[in-house]
Amino acid sequence: MKQIFTLFFAFVMLSASAFAAVEPADTTRHIVVDDVSIVASAPKQHFGLSKEPISSSVANLSMLEREGISSVKQLSAMMPNFYQPDYGSRMTSSIYVRGFGARIDQPVIGMTVDGVPYLNKNNYDFEMADVARVELLRGPQSTLYGRNTMGGQMNIYTLSPLHYEGLRGAVEYGSGNSVRAKLNFYDKASDKFAYSVGGYYNRTDGFFDNAYDGSDVDWGESAGGRLRAIWQMGGGWSLDNTASFGYNYEGGYAYAKYDVEQDVLSEVNYNDMSRYMRYNFSDGLVLSHTGDEYKFTATTSYQFMHDRMRMDQDLTPMPIFTLKQEQREHAFTEDVVLRTNDSSRRWQWVTGAYGFYKKIDMHAPVSMLEGAIDNLILGNMPAMIKQFLTIDPFVLDSNFELPTYGLALYHESSLRAGERWRFTAGLRLDYEASKMKYDNYASVNYSFNMPPMGPGMPPISITNRAFEIPFNGEEKLDYLELLPKFAVNFTTGVGDLYATATRGYKAGGFNTQIFSDILQNKMKNGLMGDAMSQMGRPSAPAEPSPYDEASVTTYDPEYSWNYEVGGHLRFAEGRLNVDFAAFWIECRDQQLTVFPEGLTTGRMMSNAGESRSLGAELSVNWTPNDKFSLSGNYGYTNAKFEEFNDGVTDYSGNYLPYAPQHTASAMASYRIPLNCAVLDDITLNASWQGAGKIYWNEANTLKQNFYSLLNASVELRKGDYSLSLWGRNIANADYYTFYFKSMGNDFMSQGKPCRWGATFSFAL
């Protein structure tokens, strides 16, 4: 760690000593996406993030390209108190903000891309091939954005053909035989019409091998594209349509068995083929009218996702469990917004109506193989019986229909009092209704052949008897919530100070992943009873379930109040920017992903009683001239259970799992003008990011200490072309990214090792 800090700060000091010399201004074409253009396309923002009562972070185009960021998870820890672990797969997106997050089901933050909301967090991990700006708004954004924004809201904007014309592309090769390529074309065909079209392709062999057969584990391939058309119809009206599609095909999780007692991680070693495939399509249509006093926006979207997964659920070389899951999702949204558009008005307001409908059809069979039958079925039967009983491998078949719809009305007003004070209040009425229809089924063939056990006792022979367990039904949930917001701004000579109080809300849902375990328990007890009845003997008492089956199929919503003070300060004519915030969060019924006791493979969402989180964020950005930039970010989170007893253990006072207590990053960039025949300039870049301590379980017995990653690059540029030579995790830090438990075993996923590569890019 000491060597990493020394190397980084040595680079910073060397760069700082060099920028003192005055050089001619750089006249090379750059893409500028300023706050004005972004706010103009953001129907729910009046003032720009630097004046909003929000703790926020922004990653602009230059930062995204300099750091080689192509997905949201690569911003983890680079934005304070934002953590999205990279465990080698895009199967799901687990995000944690200010101590709260979600591994499965409902997300903790919302996401929009060009104003279109993404409802399923599995779609959050997409390729950002033509993204111009990423905004993270921390703290509940429920008043304006609704459900599942308790941790915050992420708004992503692609590069608009109204602000850039030409051809942009890049080709990259790096460690792990990794290839990336993208190409985008932007054209303003006339004063009224502009369009863009682009695509990308990525592949990698990965960085971890399966010791079972020597195959690659975290390999992957993805491709996709985006088509955008903007029509300025006249009279203040415009139509903006964006259609995007993506394809992803990859290997399974790179989980290795972890010895808790010895703190030793073994190799990845499982016998069953693991794969994940996903297709997704999205189309968003934004109709807007901008007048002198008001702006109207109507955003209509359709989203489709189809994914298939096959996974060795026990993650061992033994034939125990194989999970297959296939789901299709259709989603529709409509968001109509009307707001004031006259910055001189003392009273600014935004009001809107929102509705959505989505439906998921899921098929999730789990194959019970020889190892599972021996351990979970036969292993729980009397020795006198199991020695004569044979059971064929069988499937726990699960089918689900999950329709959900929601409606909302919302309003937010800001009133300026004098030249310095601004007061904001908002309220959202949010209704959601969801249903789960399940049709689960298991069928097994078994034989029982027992010879005569004594004089005069006949043999017992049951051959290939079919035994069936149906398990079907329907569950319904609905919620009606009031989501208020209060804020006050005070404008100083160097920026804005603010205080806010906001209510957060994350919807409840259904524990589909636990149904296979429920069916397994029913099969185990039912099979024993059927065998005893065939023998003409009374059935033994049923083996108790490790959980209350009636209560684990659903989980309740999560609620929070977030209290926050902060500021956005600007010095030296905007060359030095300081953003800071301190927060206190009280959370009720926090949703936690837990592993049931016993030899199970299921995960389920459970509700803790009460939790609280307190902490702070600080961001500093310094750009003294067009050659040198330096930034630093730090987030601290102290998140604990105030009241949580799972019926066996009291975890009150323990830290919340999976959320890092510290997130930190620093970035430095220095451009050296050459203006020679071969090169225009050379840019040196270095970045450092770190996260930890992270507890992996509610008992706080497993943890990842603070770890850090050092990245660096050298960019050579001539005209519209550039070549970047880069290294990531160049100190080869060894760290864990995620924890999983299956069949009573503990598993860890490792972070990616040191990687090197080169990227050739152009902007014509």
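The values are calculated or read from the model by the stated rules, or taken from the named source; none is laboratory data. Keep in mind that what you see is a predicted model, and the values were worked out from it rather than measured. Backbone-built Cβ (ideal geometry, glycine too); neighbour counts: all protein chains shown.
Considering Ala442, Ala425, the condition of being of a type in the set (A, V, I, L, M), over 30 Å from Glu573 (Cβ atoms), in a strand (DSSP E or B) and at pLDDT below 90 is satisfied by Ala442 alone.
Applying the condition of being out of contact with any Lys or Arg (no Cβ under 7 Å at 6 or more places or on another chain) and not in a strand (DSSP E or B) to region 93-109 and asking which residue is surrounded by the most Cβ atoms within 10 Å (Cβ to Cβ) yields Gly99.
List the pairs whose first member sits in region 163-176 and is within 15 Å of Ser724 (Cα to Cα), whose second member is acidic (Asp, Glu) and at pLDDT below 95, and whose Cβ atoms are under 9 Å apart, counting only residues at least 6 apart or on separate chains? Every condition considered, the pairs that remain are Ala170/Glu65. Among the residues of region 475-494, those that are of a type outside the set (Asp, Glu), touching an Asp or Glu at 6+ places or on another chain (Cβ under 9 Å) and surrounded by fewer than 22 Cβ atoms within 10 Å (Cβ to Cβ) comprise Leu477, Tyr479, Leu480, Leu482, Ala487, Phe490, Thr491.
Within region 271-288, the residues that satisfy the criterion of being out of contact with any Ser or Thr (no Cβ under 6 Å at 6 or more places or on another chain) and closer than 27 Å to Ser222 by Cβ are Asn271, Met273, Ser274, Arg275, Tyr276, Met277, Arg278, Tyr279, Asn280, Phe281, Asp283.
Evaluate region 723-745: report whether one residue or more is assigned to a loop (DSSP other than H, G, I, E, B), within 30 Å of Ile373 (Cα to Cα) and either of a type in the set (Gly, Ala, Ser) or in contact with a Phe, Trp or Tyr (Cβ under 9 Å, 6 or more places away or on another chain) (or both). Yes: region 723-745 contains one or more residues that are assigned to a loop (DSSP other than H, G, I, E, B), within 30 Å of Ile373 (Cα to Cα) and either of a type in the set (Gly, Ala, Ser) or in contact with a Phe, Trp or Tyr (Cβ under 9 Å, 6 or more places away or on another chain) (or both). Evaluation of Asp626 against the conditions (1) at pLDDT below 90; (2) within 22 Å of Ala59 (Cα to Cα); (3) not in a loop (DSSP other than H, G, I, E, B) shows that the sole unmet condition is (3).
In the set Glu698, Glu715, which member is over 15 Å from Tyr658 (Cβ atoms) and not polar (S, T, N, Q)? Glu715 is the lone residue from the list that is over 15 Å from Tyr658 (Cβ atoms) and not polar (S, T, N, Q).
Selection of region 110-136 for residues being crowded, with 24+ Cβ neighbours inside 10 Å and over 21 Å from Asn248 (Cβ atoms) yields Gly110, Leu136. For region 717-749, the tally of residues that are touching an Asp or Glu at 6+ places or on another chain (Cβ under 6 Å) and not polar (S, T, N, Q) stands at 3. Put simply, of Lys324, Lys295 the only residue that is charged (D, E, K, R), farther than 29 Å from Trp696 by Cβ and touching a strand residue (DSSP E or B) at 6+ places or on another chain (Cβ under 8 Å) is Lys295. Screening Asn711, Asn732, Asn705 for residues that are surrounded by fewer than 19 Cβ atoms within 10 Å (Cβ to Cβ) and either closer than 30 Å to Leu376 by Cβ or under 23 Å from the mean Cα position of the chain (by Cα) (or both) leaves exactly one candidate, Asn705. Residues of region 523-571 that are more than 30 Å from Val648 (Cβ to Cβ), among the hydrophobic types (A, V, I, L, M, F, W, C) and modelled with pLDDT under 90: Ala531, Met532, Met535. In this structure, is Ile385 in contact with a strand residue (DSSP E or B) (Cβ under 6 Å, 6 or more places away or on another chain) and part of a helix (DSSP H, G or I)? Here the answer is no, as Ile385 does not meet what is asked. Which condition does Asn732 not pass, out of (1) in contact (Cβ under 8 Å) with a residue 24 or more places away in the chain; (2) under 24 Å from Gly757 (Cα atoms), if it passes all the others? Evaluating Asn732 over (1) in contact (Cβ under 8 Å) with a residue 24 or more places away in the chain; (2) under 24 Å from Gly757 (Cα atoms) leaves (1) as the failure. Applying the criterion of being among the small types (Gly, Ala, Ser) and assigned to a strand (DSSP E or B) to the residues of region 278-317, the residue that is surrounded by the fewest Cβ atoms within 10 Å (Cβ to Cβ) is Ala298. When only residues in region 342-382 that are of a type in the set (Phe, Trp, Tyr) and either part of a loop (DSSP other than H, G, I, E, B) or buried (at least 17 other Cβ atoms within 10 Å of the Cβ) (or both) count, which is farthest from the chain's Cα centre (by Cα)? So, considering only residues that are of a type in the set (Phe, Trp, Tyr) and either part of a loop (DSSP other than H, G, I, E, B) or buried (at least 17 other Cβ atoms within 10 Å of the Cβ) (or both), the one farthest from the chain's Cα centre (by Cα) is Trp349.
Counting residues in region 266-274 that are surrounded by fewer than 22 Cβ atoms within 10 Å (Cβ to Cβ), over 19 Å from the mean Cα position of the chain (by Cα) and either among the aromatic types (Phe, Trp, Tyr) or part of a strand (DSSP E or B) (or both) gives zero.
Quick one: in region 748-764, of everything that is surrounded by fewer than 19 Cβ atoms within 10 Å (Cβ to Cβ) and out of contact with any Leu (no Cβ under 6 Å at 6 or more places or on another chain), which residue is nearest to Gln262 (Cα to Cα)? The extreme case among them is Pro753. Within region 318-337, restricting attention to residues that are under 26 Å from Tyr255 (Cα atoms) and not hydrophobic (A, V, I, L, M, F, W, C), the residue that is surrounded by the most Cβ atoms within 10 Å (Cβ to Cβ) is Thr322. Where strands (runs of 3 or more DSSP E) sit wholly within region 115-227, none has at least 2 residues that are of a type in the set (Asp, Glu) and over 26 Å from Ser288 (Cβ atoms).
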